[in-house]
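Accompanying notes for the structure given below.
The values are calculated or read from the model by the stated rules, or taken from the named source; none is laboratory data. Here the structure is a predicted model, which is why all the values come from computation and not from measurement. Virtual Cβ from ideal backbone geometry, glycine too; neighbours counted across all protein chains shown. Side chains included, ligands, DNA and RNA excluded: accessible areas come from the protein's heavy atoms. Shrake-Rupley method; radii C 1.70, N 1.55, O 1.52, S 1.80 Å.
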Amino acid sequence: MRQKSTRATIKEVASAAGVSTQTVSRVINERPDVSQETRKRVQEVISRLGYRPSALARSLIRQRSYTLGVVIAGLKHIGPSRTLSGITVAAEEAGYALLLKELPYSEEKNIEPIFQALLSRHVDGIIWAVPEIGENRSWIHQYQLDWDIPIVYLTMEPQENISVVSINNYLGGQMAMSHLLEQGYRLTGHISGPLDWWESRQRMAAWKDSLAQAGFEVNDKHWAEGNWSSESGAHAVEKLLQQYPEMDSIFVANDQMALGSLLTLHARGLRIPEDIGLVGFDNIPESAYFLPPLTTIQQDQYYVAKVAVQEIIKIIELGWQGLDHVDLKSIILSPTLVVRQSSLRLNEKEGGALIGI
């Protein structure tokens, strides 16, 4: 009798199922040229013996590594860490390992050594999870053609013939502003993220356009720039209170800056939402426990990551099927509005509501 501590082999599976090792391999690799009866019998033996195919053997047979390269930056922040968690889970479910490279700076432009390192380890595709900041995408068209490997980019402006997965930041900003206007706020200021970030510019554009379309004035005294941190939100709201004292509400470009804003507004003796309404962006877990709980825009980085993994694997599979041309597209996902007490001044404070488009 085979010892329980000994790993089952493909030969043992074949013998127990009464088939050849080639048939077992076809079942494992989901080949269509196996009858349903035989496939079921082999799968039952695999389950009974606890047989696990060797990932190395599978890679050698198919000449694939079943490994995805992931390039990311800023893992100390909530967004990138959520994104990486989503990529990890989705890749594991699909049978892929990850090779991770964290950049020291999101603005890094010397990316050739990064790609060479990933390619030397024979990754099947790359997920570029660094957000678009300044000119840190200027290299895309040059290297996309030179290296002939599937790449999916996260959090960047859609471009032709580039595979992109991102949240619709402009729509999120519109949803925040529509909610404030519906609540009767008319003099809405804005605390932006750093404006060399594409996401920040999209959210700010939505703030400007929404006010202009509603017939309200917008000028440079009505906004202040932060850097995503709570401290910068506290400083930015101080600036806004000085240069826009009649302001009755604020759309803040992320929840962490909204937290700093809340602290400053409370210290000034201002009531939220009676004196100033507040809407954030991100829906971090802590936002439900702010005082008062924060109305915010939910962007699900975990889901964005899952879609990115699905997309890169689809492109890889199409390539291995011998297709000469694969249509690359942008997948722009809609955020949702999470309504809480920080923006409700029209007698609707019974609880939060989730509103999606």
Q: Considering every residue within segment 224-232, establish whether at least one is outside any loop (DSSP other than H, G, I, E, B) and at pLDDT below 95.
A: no
Q: Just give me the residues in segment 141-155 being among the aliphatic types (A, V, I, L, M), buried (at least 16 other Cβ atoms within 10 Å of the Cβ) and at pLDDT below 90, in sequence order.
A: 149
Q: For segment 37-52, state whether one or more residues are closer than 26 Å to residue 86 by Cβ and either surrounded by 12 or more Cβ atoms within 10 Å (Cβ to Cβ) or at pLDDT 70 or above (or both).
A: yes
Q) Of everything in segment 188-230 that's open to solvent by less than 20 Å² (accessible area, probe 1.4 Å) and farther than 20 Å from residue 255 by Cβ, which residue is farthest from the chain's Cα centre (by Cα)? A) 222
(Q) Looking only at segment 109-135, count every residue that is open to solvent by 90 Å² or more (accessible area, probe 1.4 Å) and polar (S, T, N, Q) and tell me the total. (A) 1
Q. So which strands (runs of 3 or more DSSP E) are wholly in segment 128-222 and hold at least 1 residues that are within 21 Å of residue 244 (Cβ to Cβ)?
A. 188-192
Q. Restricting to segment 19-43, what's the tally of residues that are over 21 Å from residue 95 (Cβ atoms) and acidic (Asp, Glu)?
A. 2
Q: Out of the residues in segment 248-275 that are assigned to a loop (DSSP other than H, G, I, E, B) and touching a helix residue (DSSP H, G or I) at 6+ places or on another chain (Cβ under 6 Å), state the one that is most open to solvent (accessible area, probe 1.4 Å).
A: 272
Q. Just checking, which of 106, 138, 65 is open to solvent by less than 40 Å² (accessible area, probe 1.4 Å), under 19 Å from residue 200 (Cα atoms) and among the hydroxyl-bearing types (Ser, Thr, Tyr)?
A. 106
**Q.** Unmet requirement for residue 170, which otherwise passes all of (1) free of Cβ contacts under 8 Å to residues at least 60 places away in the same chain; (2) closer than 28 Å to residue 266 by Cα
**A.** (2)
(Q) Just the residues that are at pLDDT below 90 and in a helix (DSSP H, G or I), please, taken from segment 83-113. (A) 112, 113
Q. Is it the case that some residue within segment 166-187 is crowded, with 21+ Cβ neighbours inside 10 Å, within 16 Å of the chain's Cα centre (by Cα) and closer than 17 Å to residue 261 by Cβ?
A. no
Q) How about segment 68-125: which of its residues are basic (Lys, Arg) and under 20 Å from residue 300 (Cβ atoms)? A) 82
Q: Look through segment 90-103, keep the residues that are more than 13 Å from the chain's Cα centre (by Cα), among the aliphatic types (A, V, I, L, M) and within 25 Å of residue 284 (Cβ to Cβ), and return whichever of them is most open to solvent (accessible area, probe 1.4 Å).
A: 100
(Q) When you scan segment 121-130, do you find a residue that is over 22 Å from the mean Cα position of the chain (by Cα) and at pLDDT below 95, even just one? (A) yes
Q.
Among the residues of segment 231-242, are any surrounded by fewer than 16 Cβ atoms within 10 Å (Cβ to Cβ) and within 30 Å of residue 151 (Cβ to Cβ)?
A. no
**Q.** From the options 217, 160, residue that is within 30 Å of residue 320 (Cβ to Cβ), among the acidic types (Asp, Glu) and at pLDDT below 95
**A.** 160
